[in-house]
Amino acid sequence: MIIDVVVASTSRYARFGSARSPEEADDLSGQLILERIKAAGHTARYALLPDGLGLRQAAEKSNADALIFCGGTGLTKSDLTLEALEPLFEKSLPGFGEIFRYRSLEEVGYRAMLTRAAAGVYHGRPIFCLPGSPGAARLGMDLILPELGHIIGHIRE
């Protein structure tokens, strides 16, 4: 299975440009996500992009089996991951965000209500949108990887 990992960070992009690995971009969350994907036996491809409509183009151009976007899900004016991607969703997967927030509650308390973690289906592929912190990346991968094959199987029925 091929999984595209796109880290959305305008500030990191300004410092490192279009890095092709998390090590090139001093990106702990991206590194954690890639390590987990590879440990599960899948192939991961990495891209660093600024927040905005370029994220939509990355999803449209991808030929991966699944996409994971990390970052840009907060409440600041520059957090635009969901604004870029949710219009593409042919189906939403609200359970992902619900479970993510529930599990986050155990770790960060009521601040969990601030997360806009989300998932949906676009052109036969699941897209997951995670907050950018390493803890959120870890939690997201804990939720995604065990169910990814099952999710893709249902999408392709």
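The values are calculated or read from the model by the stated rules, or taken from the named source; none is laboratory data. Computed from a prediction, not measured in an experiment: that's the story for all the values here. Because the Cβ atoms are built from the backbone with ideal geometry, glycine has one as well, and the counts that use them run over all protein chains shown.
Per-residue answers, yes or no, for (1) farther than 18 Å from R116 by Cα; (2) at pLDDT 95 or above; (3) aliphatic (A, V, I, L, M):
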{"position": "S9", "(1), (2), (3)": "no, no, no"}
{"position": "L32", "(1), (2), (3)": "yes, yes, yes"}
{"position": "L48", "(1), (2), (3)": "yes, yes, yes"}
{"position": "E60", "(1), (2), (3)": "yes, yes, no"}
{"position": "C70", "(1), (2), (3)": "no, yes, no"}
{"position": "S78", "(1), (2), (3)": "no, no, no"}
{"position": "E86", "(1), (2), (3)": "no, yes, no"}
Fill in the blank from the handout: Residue set R12, R56, R45; condition basic (K, R), in a strand (DSSP E or B) and under 16 Å from F69 (Cβ atoms); output residue R45
Practice task
Working only within the range 98-129, note down all residues that are of a type in the set (V, I, T), at pLDDT 95 or above and either under 22 Å from K38 (Cβ atoms) or part of a loop (DSSP other than H, G, I, E, B) (or both).
Solution key: I127
Exercise for the section: Determine if the range 78-86 includes at least one residue that is within 22 Å of L28 (Cβ to Cβ), crowded, with 16+ Cβ neighbours inside 10 Å, β-branched (V, I, T) and within 15 Å of the chain's Cα centre (by Cα). Expected result: yes
Completion exercise
Expected output for the range 76-89 (first residue at negative phi and in a helix (DSSP H, G or I), partner surrounded by 15 or more Cβ atoms within 10 Å (Cβ to Cβ) and aromatic (F, W, Y), Cβ below 8 Å, 6+ apart or cross-chain) is T81/F69; L85/F69; L85/Y122; L88/Y122
Completion exercise
Within the range 116-157, residues touching a Ser or Thr at 6+ places or on another chain (Cβ under 6 Å), within 17 Å of E98 (Cβ to Cβ) and not hydrophobic (A, V, I, L, M, F, W, C) come out as R116, G120, P131
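Can you tell me which of I127, I144, I151 is touching a residue at least 12 places away in the same chain (Cβ under 8 Å), in contact with a Pro (Cβ under 7 Å, 6 or more places away or on another chain) and surrounded by 16 or more Cβ atoms within 10 Å (Cβ to Cβ)?
Numbers: I127 fails: in contact with a Pro (Cβ under 7 Å, 6 or more places away or on another chain); I144 fails: in contact with a Pro (Cβ under 7 Å, 6 or more places away or on another chain).
When all the criteria are applied, what remains is I151.
Output the residues belonging to the range 87-100 that are over 13 Å from the mean Cα position of the chain (by Cα) and of a type outside the set (G, A, S).
P87, L88, F89, E90, K91, L93, P94, E98, I99 - these are the residues of the range 87-100 that are over 13 Å from the mean Cα position of the chain (by Cα) and of a type outside the set (G, A, S).
Kindly provide the set of residues from the range 10-62 that are among the hydroxyl-bearing types (S, T, Y), in contact with a Pro (Cβ under 9 Å, 6 or more places away or on another chain) and touching a residue at least 24 places away in the same chain (Cβ under 8 Å), ordered by number. If you could, list the steps in order and put the result at the bottom.
Looking only at the range 10-62, we keep the residues that are among the hydroxyl-bearing types (S, T, Y), and these are 10-11, 13, 18, 21, 29, 43, 46, 62.
Restricting the remaining residues to those that are in contact with a Pro (Cβ under 9 Å, 6 or more places away or on another chain) gives 10-11, 13, 29, 46.
Across the range 10-62, the qualifying residues are T10, Y13, S29, Y46.
For the structure I just gave you, tell me whether A19 is among the small types (G, A, S), crowded, with 18+ Cβ neighbours inside 10 Å and over 15 Å from C129 (Cα atoms). Can you show your working first?
Numbers: among the small types (G, A, S): yes; crowded, with 18+ Cβ neighbours inside 10 Å: yes; over 15 Å from C129 (Cα atoms): yes.
Spelling it out, A19 is indeed among the small types (G, A, S), crowded, with 18+ Cβ neighbours inside 10 Å and over 15 Å from C129 (Cα atoms).
Restricting to the range 130-141, what's the tally of residues that are buried (at least 20 other Cβ atoms within 10 Å of the Cβ) and either assigned to a strand (DSSP E or B) or more than 11 Å from the chain's Cα centre (by Cα) (or both)? It would help to see each step written out before you state the result.
Kept after step one, since they are buried (at least 20 other Cβ atoms within 10 Å of the Cβ), are these residues of the range 130-141: 130-132, 136-137, 139-141.
Then drop every residue that is not either assigned to a strand (DSSP E or B) or more than 11 Å from the chain's Cα centre (by Cα) (or both), which leaves 130, 139.
Of the residues in that region, 2 qualify.
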